[in-house]
Each structure stands twice: as C-alpha cells, then as structure tokens.
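Q: Structure provided below as structure tokens; questions to follow.
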Amino acid sequence: MSYSIKEEIPGFWFIDLKVDGEREYTGAYAVKSGKGVALIDVGPASTYKRILSALEAIGLACEEVRFIFLTHIHLDHAGALGNLIPYFPNARVIVHERGKGHLINPGTVLWSASKRVLGFVADIYGKPEPVPEDRIIAVEERMEFNLGKILFEIVPTPGHASHHVCIFLENEGVMFSGDAAGIYIPSLDVLLPISPPPFKLEQAMKSIKTMMSLNPKLVAFTHFDVSKNGSHLLRKYHSQLMIWYREINRLVVKGIENREEMLDFISKRDKDLTKFLERSELFPGIRRGVESGLEGFLQLVNEEKNKGQLSL
C-alpha cells in the first residue's frame, strides 16, 4: 500500500504518507469530533491522492472536513493543500499570517526557494498549487477553534520558521508539533534536530518552553508519528539543541569543516545522533534533514562569529 493508517486514540488517526517510499518519514493527521473533521498538515503535493484515499478508507467524507491546520507552509507539510482544497468544499485553512501569501501564490517565492534549497527533493515533493484566498484564515497570536467537543488552540512557535505554529488539543493533551520539536524516529526511539537555514535558536528554545508549559501527554510529530512520552521529549529536545549549538561552536573555533567529521564529533555528546548514524542508511530522507539541520546551526554560528559574538 502507498500509505498506512493508525488510529492513535478513538477519533484520531495518523496517516503515513510514505513519501518517496521512505519509512518513518512524513505523515498527516485526521481528527473527527461530532460531524466534523480536521486535518493537521497534509504532506507534499506528490501524495495528495493518498490523503483522499486514506480518508475514504477511514470512513471520513470530504464534505465533513471543516478545518485544515498547517503548522507551517514548507512543501512537506503543506504542499498538497492546493490540490486538496477543491475536494473539501466546507473546509477553511488555518495558517500563520506570514505563510498566507505563499499559499495564495506558491510559484512566486515558495517554489523557487524550495528548488534552490532542496534541489531534487523539491521535485520529489512536487510543485504546490495555489489556494484561494477566501478559503484561508490567517492567525498571528494564540487563537482557538472548536470542532464538536474538541478545542484546537493555535500556539505560535517560531524558530524552525518564522511562521511556525503548533496545534494543541487541550481535551486530549495532544500537541501537534510540526517541526518545532524535532524529528522523532519511533523504531530507533531517537530525537533529532530539524533546523535548516535560517534557523533561529533563541526563538526555537522559547517555543519549546511554550510547548512544555502546556504539559502535553502526547506529541504528534509530522516526522514521525505519536510519542506518549511528550513532555520528556520536549525537555530532551531543549537540551539537544544546546548540545548541537555548543559543539558546533567548538568545531568552528577548531576550523573543522568536513560535514561527516562534524556529525561524528557531535554524536559523542548526543547519544540519539549516535544511534541514528549507525542506521542512517535506512532513512535517507531523514539523513538529508539532519544534514540540513547542521547547515542551519553552522549558518547561525558563523553569523555570530562574524559579529564577534562567538562564545563557548
């Protein structure tokens, strides 16, 4: 099958989109309450038909979809939206104000920037189609949306991207983290940074603390699946980002530039990275994400160095 479905808790499904046939890579979520359905992230354009097939397999009608919540507008999270929106006549898209224009006109900046940054991976994800402006509700601050008995709270969480938000289900204690809490690989039980340029470490750390303050029971990762040890993973990610920042500072001071050597150096302080590197040939897409995260930290550290702010 080109996708798989798992009901995490009653009325709450995770859809593994199996992007490019890869394991534990990218997914989307569907939540049903009463007669309404919400989707949280929808994957890349190349897999939009898998979303439709998965909803049909679950028994959810397209007309039931009321909300499509986007954690951010990067292609692996929102690229399918323009293809999907005609199928969901009653749905409204919830996205940060800074992402709205990129959904309306994805070819202006989003696609060209994605091609430049992602290279061939952008073609794997596929080119996004425009979303009608009147289908979009833009948010900037915390906001709440009701779907039946479920309350969805939008929580701004910049760092990975300036327009990043998380979606919190207070009733169930579920935090849909997008990329704000890193990449989780269930089969290895490891957490990894996802911090491509331009990565804002200080904002990311504050965002993690914001998520921690809500004390989620579950963290629902787009990459990948649900962890029932949510609060622990958020604390772990906060510490992990500091480890990467400090170690990359040391590498820059030493003049070490080889990327393999850098990852090996960091892995001596980050046990999760060690476990991942031992098996990374099984996860080529995630490996690319980790390498991109390294570049995000390097850009940040080099900018601080050029400003005379580099410190250990």
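The values are calculated or read from the model by the stated rules, or taken from the named source; none is laboratory data. The structure presented is a predicted model; accordingly, all values stated were derived computationally and were not measured. Cβ sites come from the backbone with ideal geometry, for glycine too, and all protein chains shown count toward neighbours.
Q: Can you tell which of Ser280, Ser207, Ser267, Ser292 is hydroxyl-bearing (Ser, Thr, Tyr) and in the same structural domain as Leu151 (by TED's automatic domain parsing)?
A: Ser207
Q: Looking at (1) touching a residue at least 40 places away in the same chain (Cβ under 8 Å); (2) closer than 18 Å to Ile51 by Cβ; (3) surrounded by 23 or more Cβ atoms within 10 Å (Cβ to Cβ), can you tell me which one Gly99 breaks?
A: Answer for Gly99: the failing condition is (2).
Q: So how many residues does region 87-120 have that are in a helix (DSSP H, G or I), modelled with pLDDT of 90 or more and within 19 Å of the chain's Cα centre (by Cα)?
A: Looking only at that region, the number is 6.
Q: Looking for whichever is surrounded by fewer than 24 Cβ atoms within 10 Å (Cβ to Cβ), in a loop (DSSP other than H, G, I, E, B), of a type outside the set (D, E, K, R) and at pLDDT 95 or above here; the options are Pro197, Pro158. Which one fits?
A: Numbers: Pro197 fails: at pLDDT 95 or above.
None of the others qualify; the one that does is Pro158.
Q: Now for a different question. Under 7 Å between Cβ atoms, which residue pairs at least 6 apart in sequence (or on different chains) link something in region 119-130 that is of a type in the set (Gly, Ala, Ser) with a partner that is at pLDDT below 90?
A: Qualifying pairs under 7 Å: Ala122/Ser114; Ala122/Lys115.
Q: From the list Ile150, Ile154, which residue is in contact with a strand residue (DSSP E or B) (Cβ under 8 Å, 6 or more places away or on another chain) and under 19 Å from Pro10 (Cβ atoms)?
A: Exactly one of Ile150, Ile154 is in contact with a strand residue (DSSP E or B) (Cβ under 8 Å, 6 or more places away or on another chain) and under 19 Å from Pro10 (Cβ atoms), namely Ile150.
Q: In addition: Only one of Ile248, Ile256 is part of a loop (DSSP other than H, G, I, E, B) and either touching a helix residue (DSSP H, G or I) at 6+ places or on another chain (Cβ under 6 Å) or closer than 22 Å to Lys305 by Cβ (or both). Can you tell me which?
A: Ile256
Q: Sticking with this structure for a sec: For Ser162, work out the one condition from (1) in contact with a Ser or Thr (Cβ under 8 Å, 6 or more places away or on another chain); (2) touching a residue at least 60 places away in the same chain (Cβ under 8 Å); (3) of a type in the set (Ser, Thr, Tyr) it doesn't fulfil.
A: (1)
Q: Give the residues of region 169-194 that are over 22 Å from Pro284 (Cβ atoms) and over 14 Å from the mean Cα position of the chain (by Cα), sorted by residue number.
A: Leu169, Glu170, Asn171, Glu172, Gly173, Val174
Q: Of the residues Gly308, Gly285, which single one is out of contact with any Leu (no Cβ under 6 Å at 6 or more places or on another chain) and surrounded by fewer than 15 Cβ atoms within 10 Å (Cβ to Cβ)?
A: On the way: Gly285 fails: surrounded by fewer than 15 Cβ atoms within 10 Å (Cβ to Cβ).
That would be Gly308, the only listed residue that is out of contact with any Leu (no Cβ under 6 Å at 6 or more places or on another chain) and surrounded by fewer than 15 Cβ atoms within 10 Å (Cβ to Cβ).
Q: Across region 206-237, what is the number of residues that are in a helix (DSSP H, G or I) and either under 16 Å from the mean Cα position of the chain (by Cα) or free of Cβ contacts under 8 Å to residues at least 24 places away in the same chain (or both)?
A: Going through region 206-237 one residue at a time, the tally reaches 11.
Q: From the list Arg23, Arg66, Arg50, pick out the single residue that is assigned by TED's automatic domain parsing to the domain that holds Pro196 and part of a loop (DSSP other than H, G, I, E, B).
A: Arg23
Q: Enumerate the pairs (first residue in region 41-69 and on the phi > 0 side of the Ramachandran plot; second residue anywhere and assigned to a loop (DSSP other than H, G, I, E, B)) with beta-carbon separation below 6 Å, excluding pairs fewer than 6 apart on the same chain, so at least 6 apart or on different chains.
A: Asp41/Thr71; Asp41/Thr222; Gly43/Leu17; Gly43/Thr26; Gly43/Ala80
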